[in-house]
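For reference, the structure discussed in these notes is given below.
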Amino acid sequence: MPPVGVGGQARPRALGLVIMDKSMPVMDGIQATRTIRAEFGPQFVIVGLTGDALGADLDSFLAEGLDDVLGKPASAAEVHAVVRDLLSLSSDS
């Protein structure tokens, strides 16, 4: 799969999971999540990562269309548990 370029130049062929950082250059994670949801709907699981780990910040990031969000630094075990749970839920539906 080619990487998705800035401005959506490349298109993913098959993707089940996106790990989205809230703070990125050019387009932040909130805008990128909105763009993905607008173009593809809920077909992808999107897990957010943010250093803004206060409850209100996590809730506002989730409200933008994420399936779950983790505060940074997230351990490998935390990421694995969230991904495992979300991908098993999405395959059940």
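The values are calculated or read from the model by the stated rules, or taken from the named source; none is laboratory data. Everything quoted here is computed from the prediction, not taken from an experiment. Every residue, glycine among them, receives a Cβ derived from its backbone with ideal geometry; neighbour counts consider all protein chains shown.
Based on what the data block shows, is Gly16 in contact with a strand residue (DSSP E or B) (Cβ under 9 Å, 6 or more places away or on another chain), among the small types (Gly, Ala, Ser), at pLDDT 55 or above and within 14 Å of Ala63 (Cα to Cα)?
So Gly16 does not fit the description; no.
Can you tell me which residues in region 19-52 are part of a strand (DSSP E or B) and among the aliphatic types (A, V, I, L, M)?
Ile19, Met20, Val45, Ile46, Val47, Leu49
When you check Asp59 against the structure, is it over 12 Å from Val18 (Cβ atoms), exposed (fewer than 15 other Cβ atoms within 10 Å of the Cβ) and touching a helix residue (DSSP H, G or I) at 6+ places or on another chain (Cβ under 8 Å), yes or no?
no
So which of Asp52, Asp68 is of a type in the set (Asp, Glu), at pLDDT below 85 and surrounded by 11 or more Cβ atoms within 10 Å (Cβ to Cβ)?
After ruling out the rest, the residue left standing is Asp52.
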